[in-house]
Every structure is written in C-alpha cells, then in structure tokens.
1. Note down the net charge around residue 312, summing +1 for each Lys or Arg and -1 for each Asp or Glu among other residues with Cβ under 11 Å from its Cβ.
2. If packing is taken as the mean number of other Cβ atoms within 10 Å per residue, what is the order of 235-243, 275-283, highest first?
3. In percent, how large is the relative contact order of region 129-201, given Cα pairs closer than 8 Å and 6 or more residues apart?
4. Mind pulling the per residue volume of the convex hull built on the Cα atoms of the chain? Å³ is fine.
5. Using the Cβ atoms and a cut-off under 11 Å, what net charge is assigned to the surroundings of residue 276, where Lys and Arg are +1 and Asp and Glu are -1?
6. About the Cα centre of the chain, what is the dipole size in debye to 20, counting +1 per Lys and Arg Cβ and -1 per Asp and Glu Cβ, all else neutral?
7. Translational diffusion coefficient of region 143-296 at 25 °C, 0.890 mPa s, Stokes-Einstein with Kirkwood Rh over Cα pairs, in µm²/s as a whole number.
8. Could you sort 214-220, 336-342 so that the peptide with the highest average Cβ count within 10 Å comes first and the rest follow in order?
Amino acid sequence: MKFMHAAIGLSIGISLLGSGLHAQQEPDHRLHQYHFGEIAIPPASGDEPVAENLSIERAIAYLEGGAKAWVNNRGCVSCHTTGWYGILRPQLANSMGQPDAAFRAFLEARLQDRLTKDLGELQEGVDPAEVVHLAASLASWDAYVDQRLSPETGQALQLMFRLQRDDGAWHSPDTWPPFESDAFQVATVAAMSVGLAPGWLEQSASPELQGQVASLREYLRRVPPPHDYARVALLWAEQHLPGVISADRKQDIVRMILDRQRPDGGWSIRSFAQPEEWGRGNRAERLRAEADFGDPASDGHQTGLAVVVLSSAGVPPTHPAIQRGVEWLRRNQRESGRWWTKSLNTETWHFITYTGTLYPVMALAVTNTYPSAGLPEP
C-alpha cells in the first residue's frame with residue numbers, strides 16, 4: 001500500500017480544512033506555527049486531543065503544509081523544518097509519492113544564493129548548518145528520486161567542505177537545541193550528506209575533498225559526543241558513512257537506546273541529555289522546573305527517531321522494542337495529524353513537533369507498518 005497523496009506545489013495555496021488544521025480568512029501570523037495563503041497551522045499544544053485512528057494523510061498534510069509555508073515565508077533551509085524535510089522526504093518517495101519538483105527548484109535556488117555569498121559571511125551564525133542541511137537535502141533527492149549525482153549536489157558538497165573548520169567540524173551557535181546547538185550535531189548531518197550523494201565520494205570527490213572527508217571521519221571518531229542524543233545522531237550517521245564508529249561502540253549505542261525506552265513503549269528526548277548539556281546549559285533552570293522533570297513523558301520526536309535509528313542499525317521490525325515503539329506511535333497521534341513534542345527552547349511555537357511528526361512517519365515506513373511497502377534502496 002502507498003500513501004494516497006497529491007503533490008503540493010510550493011507556489012500554489014492549499015487548504016487543510018478537514019484535516020484538523022483549519023484555514024481562516026485572514027489569519028493572524030502570531031497565532032500560527034506555519035502560515036502561508038490558505039495554510040494556517042495553529043501552534044502545537046500538549047492539550048490537543050489524541051486522534052481516534054491513525055491518519056498518515058493528516059500527518060502528510062501537516063508536513064507538506066509546514067514545509068511550503070516555511071519556504072514561502074522564510075526562504076531558508078532551516079534545521080527544524082525544511083532541512084529535515086529535504087533530507088527525509090525523498091526517502092519516502094516509495095510510500096508518499098514523488099516529492100514536489102518545486103521543492104527541488106527551491107533547493108537549487110537557495111544553493112545559488114549561498115554560492116554568491118562571501119565565505120567569511122557564511123561562516124557566521126547558522127549559515128554553516130544551513131549549507132550542510134542543503135547539501136544533505138540535494139544528495140538525498142539524487143539518491144532516492146533521480147538516482148544519479150547532479151551537478152548541484154556536487155556544488156553543495158564543495159561549498160560545505162569550504163566551510164569546514166580545521167578540526168573537521170562546522171561552526172554552530174547555541175540557538176535551538178537539539179539541532180542548532182553544537183558542532184557535533186552538524187557534523188553528523190555532514191556525514192549523512194557525503195554518504196547519500198550517489199557515487200560522489202568514490203567517483204567525483206577530488207583528493208583535497210577526500211582529505212576533508214577523512215578529517216570529518218576523524219572528528220566523529222575522536223570527539224566525544226556532548227550527550228546521548230548526539231550518540232543517537234552518530235549511530236544514524238554511521239548508516240551513511242560507515243566507519244565513523246567501531247562495531248563495539250555501535251552496539252553500546254543500540255543498547256543505550258533500548259535501555260531508554262519508557263514503560264509505555266515510547267522514548268523522551270529529555271532523557272537523552274542532562275539540562276546542562278544542551279548548548280551552553282542556559283536552559284537548565286527552565287528544564288529542571290518542568291513538572292515531569294524526573295519522569296519526562298514520551299514524545300513523537302524521540303520515539304520516531306529511536307525507531308528509525310534502531311532500524312538503520314539492523315534491529316529488525318519484529319524486535320519487541322520496535323513493536324512497542326510503533327504501537328506507541330499508533331496510539332499517540334493528535335487530531336491535527338501531528339505527534340506532540342514539547343520544545344526544549346520555548347513555551348510558544350514548539351517547532352520540534354515538525355520533526356516530531358516527520359520522524360514518526362519515517363518510522364512507520366521503515367518498519368513496513370504503514371504503508372506496507374518499505375523504502376527503496378538508493
């Protein structure tokens with residue numbers, strides 16, 4: 001079975017009426033997590049009722065609408081929305097249908113814009129992280145949609161490595177954990193981009209670029225992950241760039257993820273780092289003040305991520321932990337199509353609910369749960 005899904009053009013308004021995400025005539029931008037034209041997605045809330053039945057269609061409407069609104073309003077490849085949409089949406093082509101060509105056009109236009117910038121300027125703020133996610137998005141499209149390396153992906157990878165630091169990683173400010181908060185996280189996405197680009201490392205990378213890839217590998221081998229969430233990201237990167245961790249270390253991370261599963265079958269992002277370990281630790285007081293600090297609830301982001309990464313590491317879908325995780329996802333989708341995840345950063349927008357929905361959809365696909373068809377090999 002495949003998701004029945006019509007492509008949503010990035011220049012055409014869509015209506016989410018009937019999906020639990022209600023469009024309004026003249027919506028107030030302050031009242032919406034994502035808004036563009038007829039797309040009017042309200043802020044995520046832990047108080048939203050749980051859906052009676054699993055609906056992948058509503059999840060897809062949220063993901064496509066959120067990505068489209070972000071592209072048209074912000075025009076950047078953000079780590080929390082369009083960055084991970086760009087990386088994972090092509091990998092869901094077999095189950096969700098082909099991604100919209102307009103999104104590929106956006107990625108290419110954004111690349112050309114980044115190529116016109118001064119390298120010194122691109123070394124600042126979140127620009128290195130954006131370039132890394134842009135390269136990974138183009139590489140994923142090449143691997144799963146076109147199944148050939150494109151010139152644009154080659155350009156993006158070259159730009160990415162031009163921004164690489166001497167230590168093998170990329171600059172990342174402490175802005176919005178878990179994504180834009182440390183260099184280690186960005187380095188794992190860079191490793192994914194190298195491994196996703198079909199044939200690039202073996203056939204297209206110059207000796208200089210090969211050396212920079214070796215520097216990235218050495219960084220991931222040498223530098224201790226700042227927390228257990230980063231260890232999960234490292235294990236995922238290993239799927240795409242083998243050799244960044246040893247077999248023993250791989251099994252240690254698998255055991256750690258399995259040990260963190262909660263009694264209800266889900267996982268909580270808050271149990272994968274101490275409050276002081278996110279960024280500079282300046283969120284620690286607020287995080288420690290949360291009512292469920294000692295026993296944080298399972299969330300869509302970490303449950304979906306755990307299932308996806310365990311599956312990538314070879315844990316079969318019949319494993320009891322995977323089955324319990326999938327069952328948690330079945331039971332905990334909200335009426336809007338989202339899975340709830342509380343932000344580590346704010347009490348307002350909870351943008352992490354985007355990957356908190358994207359990862360569960362990916363998890364259901366890689367475990368052949370819904371739809372029955374699995375993911376294509378690149």
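1. Numbers: positive: 250; negative: 238.
Here the count lands on 0.
2. On the way: 235-243: 19.7, 275-283: 17.4.
Put in order of decreasing packing, that is 235-243, 275-283.
3. Values: 98 pairs, mean separation 31.7, N = 73.
The normalised contact order for region 129-201 reaches 43 percent.
4. Values: hull volume 49.7 nm³, N = 378.
Dividing the Cα hull volume of the chain by its residue count gives 132 Å³.
5. Values: positive: 280, 283, 288; negative: 277, 285.
Result for the local shell: +1.
6. Details: 33 positive and 44 negative charges, 118 e Å.
That gives the chain a dipole magnitude of about 560 debye.
7. Values: Rh = 17.0 Å.
Stokes-Einstein gives a translational diffusion coefficient of 144 µm²/s.
8. On the way: 214-220: 18.6, 336-342: 26.6.
With the highest mean Cβ count within 10 Å placed first, the list reads 336-342, 214-220.
The values are calculated or read from the model by the stated rules, or taken from the named source; none is laboratory data. The model shown is predicted, which means the values in this text are computed figures rather than measured ones. In this analysis, Cβ positions are derived from the backbone assuming ideal geometry, glycine residues included, and neighbour counts consider all displayed protein chains. Remember, those area values only see protein heavy atoms, side chains included, never the ligands or the DNA or RNA. Shrake-Rupley method; radii C 1.70, N 1.55, O 1.52, S 1.80 Å.
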